[in-house]
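The values are calculated or read from the model by the stated rules, or taken from the named source; none is laboratory data. Just so it is clear, the structure is predicted and the values come from calculations on it, not from any experiment. For neighbour counting, all protein chains shown are included, and Cβ atoms are generated from backbone atoms with ideal geometry for every residue, glycine included. Keep in mind that these areas ignore ligands, DNA and RNA; they rest on the heavy atoms of the full protein, side chains included. Shrake-Rupley method; radii C 1.70, N 1.55, O 1.52, S 1.80 Å.
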Amino acid sequence: MSVLKKVLKCVLFMTGLVVILMVSGLVFMPKNNMKESGIEDFQTNGIRSEKKNTIDVLVLGDSLSYAGISPIIMYKDYGITSYVCGSSGQQMFDTYRYLKIAFENQKPKYVILETDALYRKFDMAESIGSDVQGILPVFRYHDRWKNLELKDFKGKAKYTAVNDHKGYRYNDTIKGIPNKQYMIETTEIQDMTDLSKNYFDQIAQFCRKNGAELILVSVPSVRNCNYKKHNAIKKLADKYGVEFINLNLMPEEVPIDWEVDTRDKGDHLNHTGATKVTSYLGKYLFENKELKDHRFDEKYDHWNKSLEEYLKTLETAKK
Amino acid sequence: MTSFFSVFYLAIFLPVMVILYNVCPKKYRPIVLIAGSYFYFYSISGKLLIYLLFSTMSIHHIGLWLTDIQGERDGVLKEAAKEEKKAIKAEYLKKQRRVLFFGVMLHLGILLVVKYTPFFATNINTLFDAMGINITLTIPKIMMPIGISFYTLSAISYIFDVYRETIKADKNIARLALFMSFFPHIMEGPICRYSDTAHNLYKGERTNYQCLTFGLQRILFAMVKKMVVADRLNDFIQEVFTNYSQYDGGVILVGAVCYTIQLYMEFSGTMDIVIGTAQIFNVRLPENFKQPFFSRTISDFWSRWHITLGTFFKDYIFYPLTMSKPLKKLTTKARKRLGNHLGPMLAGAIALFCVWLSNGLWHGAGWQYIFFGMYHFALILTGNIVEPYSRNLLKKLHINKEGLPYGIFSMLRTTCLVIVGELFFRAEGIKAGFAMFKNMVFNFSITSVKNGQIFALGMDKHDFLIVAISVIIIFVVSLLKENNINVRGEIAKRNIFIRWAIYYAIIMFIIIFGAYGRGYTPVDPIYANF
């Protein structure tokens, strides 16, 4: 067999494989965005069923974002429509992915990036793997073989599940720690990896291209934030000319009581902590940014329904 | 880079190495392999690479030292009178033995310090405590370079072989460096012999179409074993062996069976990817498995499982011991008193005991590993002792030992004994092992299976089903191999449509049923930690 023939055979084999993978991706891709349909991070993917161009503020980040920022409280108090596309242990390649997913159907004016994701380590293989999963979803959703139904073989994806918490994950557990000063001033820097910076650059460019203002926000966390990180993020923010709000350094504006406002000893905020963060952030955004109050706008009636559902959840939780 | 099954290894490192290797001129290819191997080692163990470099340099030096003594001896012997020759040989043998002892102790010493110091210190503390001595040794945390248990044995075998003059010491340190560090076998073996692999590796033969496709096919098969079976079983096994006191004997039994399957799939799967990778570089590494679950006896099992470790112990511990003067004397005396069957067995038992103590300790610094070794020692010794009696009994009962029914019975019996051994091997300590064994025997019940509790321990019904299907497929392949049918060769004979359909089916089987991604914790390379 000539070399050319061997190469051609390899190319043909690989092409066939890609076709099979693409076709199986159509089958394995969840057909809706509710938990039961098998979609990953169903709360995050709730953004897919928000009405077109109704989200003004998009929040990205790891668990600190969905534990600390509640869009529905922001809406209740200021009429700002936001959505938290945060997910557990979100790495920057996932942050970038969710940013693009959100912009498929929305045109948010502001994109808030919770900064803890900048410090999540990953390697090149993981980011390439995520890109491959994007092109060939069978790799991401292969485990759905356990729940495949006939409709998976013929149906197209249709996202209908509205998330009333808008990506926020309610948690009222109290597991406090004594209040102490954890932001001790220093000039030292704890830098993030080059890969994280690279993705940050892509996110910044994407926002600029799509006319959204990027804002960096550090949600209070004793375990995850320190002054060295603050210095590094500040440097990055200055380099890109983006605003950086470190709520860990604002005890007067955001008076977190670590004895009661955390669910896991200072790692994540609980609901009372999130309420404090959101109240400040909502006020700040409303007063300093160009955002409309949508509470009395008929187009946003569905938000009032979500607010009702959210309040019901609170009542049930209190009982 | 954590394992051969990581995306980085399979999608980046290996393809880059294959391209670099083939693009380079033949004489530079070994250099490419050495550089890649050191990079691989460094990416896992960092600065501990120094251990490997030291081992390589020391065996190079010791090998040449032994050769010098042998050369000097030959020179002296040429000139010597016939009656002097015996004395000269003995004198030089002594010299060689000193060098051999130094070389072996140097390597064993490093291994003992790095691997066993915490174990010895803990046991000494326990002993002091029991004796009421108020001294507590601090237990040091020593970082262990990856694969030290494997490359140390390769190094020792090299020194021994030069001493025995079965090979000549290699002047080329680069060839030795490649023999010691070749990245596919550095982490989990196989334990290579210099005479089998060093020159073949250093040839730098180009990758050809057949070795590429056969190598890739073997890697695919490895992925089925590791990703579909071993990784899928991981959470269940972890749960059963950690919280064993919460479960009935039925769950413990399933856990022990699953662990035996996992260990086989993980280790033999890794060997498949190792040998498949080497094949891509046109290098043949020794096989480490030969359908072990078709073994009729425990000693047969150990000639099919981790073959290179077994042959190492046989060649460098068992035979030297049985051929030693004291044991030869013992055999002669014992033969007179105990007869021709049991007599020679006494010396054999001593050598066998040393082999299995070493085997247990090699697997890890823990009493459960020593117990594991002693368990197999007891089984093999018992098998040897009762063999003539059982043969006679079978004859009287008119049972054909070579027939299929007795064969199947023997295989099942061996498999059951292996499963019990693996239960102790995996248990978190020897006490836990006995507690689990007791639970399995005296508290046996299938209630957990009936009420479905077993399906909530990290594996649901679907998971068990896919593991069962995969095990059946792998069993059929093993059965064909056992009957000397070359599966890859047979597939290669089919027309392109059938061939490609099989390859696509295997690839999709791995992609769909592999236990990877969110919610799965792949099993760590088990043997890499030994």
query: Based on the alpha-carbon gyration tensor of the range B:1-79, what equivalent-ellipsoid semi-axes (square roots of 5 times the eigenvalues) come out, in whole Å, largest first?
result: 38, 18, 8
task: Set the Förster radius R0 to 45 Å, insert the Cβ-Cβ distance between B:I50 and A:N198 as r into 1/(1 + (r/R0)^6), and round the FRET efficiency to 0.05.
output: 0.85
query: Taking Cα atoms, how many degrees apart are the long axis of helix A:301-318 and the longest axis of chain A, rounded to 10 and kept between 0 and 90?
result: 70 degrees
- line: The summed charge of the B:T297 Cβ neighbourhood (under 13 Å; Lys/Arg +1, Asp/Glu -1) stands at +3
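Expressed as a rounded percentage, what relative contact order does the range B:316-464 have, with Cα pairs under 8 Å and six or more residues apart? Intermediate values should be presented prior to the final figure.
Values: 101 pairs, mean separation 23.5, N = 149.
Computed over the range B:316-464, the figure is 16 percent.
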- prompt: By what distance, in whole Å, do the Cα atoms of the range B:141-240 stretch along each of the three principal axes, largest value first?
  reply: 50, 46, 22
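Peptide B:491-502: average number of partner chain Cβ atoms within 10 Å per residue?
1
Using DSSP to call loops (not H, G, I, E or B), can you name the trypsin sites (Lys or Arg not before Pro) in the range A:132-190 whose Cβ has at most 15 other Cβ atoms within 10 angstrom? Intermediate values should be presented prior to the final figure.
On the way: sites: A:R140, A:R144, A:K146, A:K151, A:K154, A:K156, A:K158, A:K166, A:R169, A:K175, A:K180; in loops: A:K156, A:K158, A:K166, A:R169, A:K175, A:K180.
Passing both the DSSP loop test and the Cβ count: A:K156, A:K158, A:K175, A:K180.
When only Cα pairs under 8 Å and 6 or more residues apart are kept, what is the percent relative contact order across the range B:31-111?
Averaging sequence separation for qualifying contacts and normalising by length gives 30 percent for the range B:31-111.
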task: Could you estimate the translational diffusion coefficient of the protein assembly as shown from the Stokes-Einstein equation, with Rh from the Kirkwood formula over C-alpha pairs, at 4 °C and 1.567 mPa s, in whole µm²/s?
output: 41 µm²/s
message: Within the range B:385-484, how many Lys pairs that are eight or more residues apart, or on different chains, come under 29 Å at the alpha-carbon?
response: 5
query: Which whole-number percentage describes the relative contact order of chain A, with Cα contacts under 8 Å and a sequence gap of 6 or more?
result: 25 percent
statement: Rounded to whole angstroms and listed largest first, the alpha-carbon spread of the range B:230-310 along its three principal axes comes to 50, 29, 17
- prompt: So how much accessible surface do B and A hide from each other in total, probe 1.4 Å, in square angstrom to the nearest 100?
  reply: 2100 Å²
- prompt: Tally Lys and Arg at +1 and Asp and Glu at -1 over the other residues with C-beta under 13 Å from the C-beta of B:K89: what net charge comes out?
  reply: +2
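Assuming a ≥ b ≥ c are the square roots of the Cα gyration tensor eigenvalues, decide whether the range A:1-40 counts as rounded (a/c under 1.5), prolate (otherwise, with a/b larger than b/c) or oblate. Intermediate values should be presented prior to the final figure.
Values: a/c = 8.22, a/b = 5.98, b/c = 1.38.
Prolate, because a/c is 1.5 or more and a/b exceeds b/c.
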Dimensions in Å of the range B:205-276 - Rg and Dmax from alpha carbons: 16.5, 56
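Under 13 Å from the Cβ of A:T272, count the other residues' Cβ atoms, weight Lys and Arg +1, Asp and Glu -1, and hand me the total. Mind dumping the intermediate values first?
Values: positive: A:K175, A:R263, A:K276, A:K318; negative: A:D172, A:D257, A:E259, A:D261.
Result for the neighbourhood of A:T272: 0.
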- prompt: To the nearest 10 degrees, how steep is helix A:124-135 against the longest Cα principal axis of chain A, on a 0 to 90 scale?
  reply: 70 degrees
message: If I model a spin label as a point 7 Å beyond the Cα along the Cα-Cβ vector, how far apart are those points for B:I135 and A:D123 in nm?
response: 4.4 nm
- request: Over 24 Å between C-alpha atoms is what I'm after, so list which of A:K146/B:K226; A:K166/A:K299; A:K166/A:K318; A:K100/A:K312; A:K109/A:K265; A:K51/A:K234 land there.
  value: A:K100/A:K312; A:K109/A:K265; A:K51/A:K234
- prompt: If the viscosity is 1.002 mPa s and the temperature 20 °C, what translational diffusion coefficient in µm²/s does Stokes-Einstein give for the range A:3-318 when Rh comes from Kirkwood over Cα pairs?
  reply: 103 µm²/s
- line: Of the convex hull drawn through the C-alpha atoms of the range B:155-310, the volume per residue in Å³ is 139 Å³
query: Can you list, largest first and rounded to whole Å, the semi-axes you get for chain B by taking the square root of 5 times each eigenvalue of its Cα gyration tensor?
result: 38, 33, 26
task: Divide by every residue of chain B the summed helix terms, -39500 (n - 2.57) for each DSSP H run of at least 4, and state the resulting mean residue ellipticity at 222 nm, rounded to the nearest 500 deg cm²/dmol.
output: -23000 deg cm²/dmol
message: Just to be sure I understand the rule: take each whole DSSP H helix in chain B, project its Cα atoms onto its long axis, keep it if the span is 20 Å or more and its mean Kyte-Doolittle hydropathy is at least -1.0. Which ones pass?
response: B:29-45, B:49-79, B:85-111, B:117-131, B:148-163, B:209-223, B:249-280, B:325-363, B:367-396, B:404-426, B:461-482, B:496-513
message: With +1 on the Cβ of every Lys and Arg and -1 on the Cβ of every Asp and Glu, and nothing else charged, how large is the dipole of the range A:88-219 about its Cα centre, in debye rounded to the nearest 20?
response: 740 debye
message: Given the options B:A378, B:G429, B:Y406, identify the residue whose Cα lies farthest towards the positive end of the charge dipole of the range B:377-434 (+1 on Cβ of Lys, Arg; -1 on Cβ of Asp, Glu).
response: B:Y406
statement: So the carbon and sulfur contribution to the accessible area of chain B, 1.4 Å probe, in percent, is 66 percent
- prompt: Carbon and sulfur: what percent of the range A:3-318's accessible surface (1.4 Å probe)?
  reply: 54 percent
- prompt: If one takes the longest principal axis of the Cα atoms in chain A, at what angle in degrees, from 0 to 90 and to the nearest 10, does the Cα axis of helix A:194-209 lie?
  reply: 80 degrees
message: Highest mean first, how do A:57-70, B:337-350 rank when packing is the count of other Cβ atoms within 10 Å averaged over residues?
response: A:57-70, B:337-350
field: Loop-located GluC sites (Glu not before Pro) in the range A:257-319, at most 13 other Cβ atoms within 10 Å (DSSP)
entry: A:E259, A:E290
- prompt: Going through the range A:203-252, which chymotrypsin sites (Phe, Trp or Tyr not before Pro) have at most 10 other Cβ atoms within 10 Å and a DSSP loop state?
  reply: none
- line: The equivalent-ellipsoid semi-axes of the range A:231-319, taken as the square roots of five times the Cα gyration tensor eigenvalues and listed largest first in whole Å, are 28, 23, 10
Rh by Kirkwood over Cα pairs, then Stokes-Einstein D for the range B:53-109 at 1.567 mPa s and 4 °C, µm²/s: 106 µm²/s
- request: Note down the magnitude of the dipole of the range B:7-206 about its Cα centre, charges +1 on Lys and Arg C-beta and -1 on Asp and Glu C-beta and zero elsewhere, to the nearest 20 debye.
  value: 420 debye
message: With only alpha-carbon pairs counted, each pair once and no self-pairs, how large is the Kirkwood hydrodynamic radius of the range B:7-206 in angstroms?
response: 19.3 Å
- prompt: In Å, what is the Rg of the alpha-carbon atoms in the range B:243-358, and how long is Dmax?
  reply: 19.6, 57
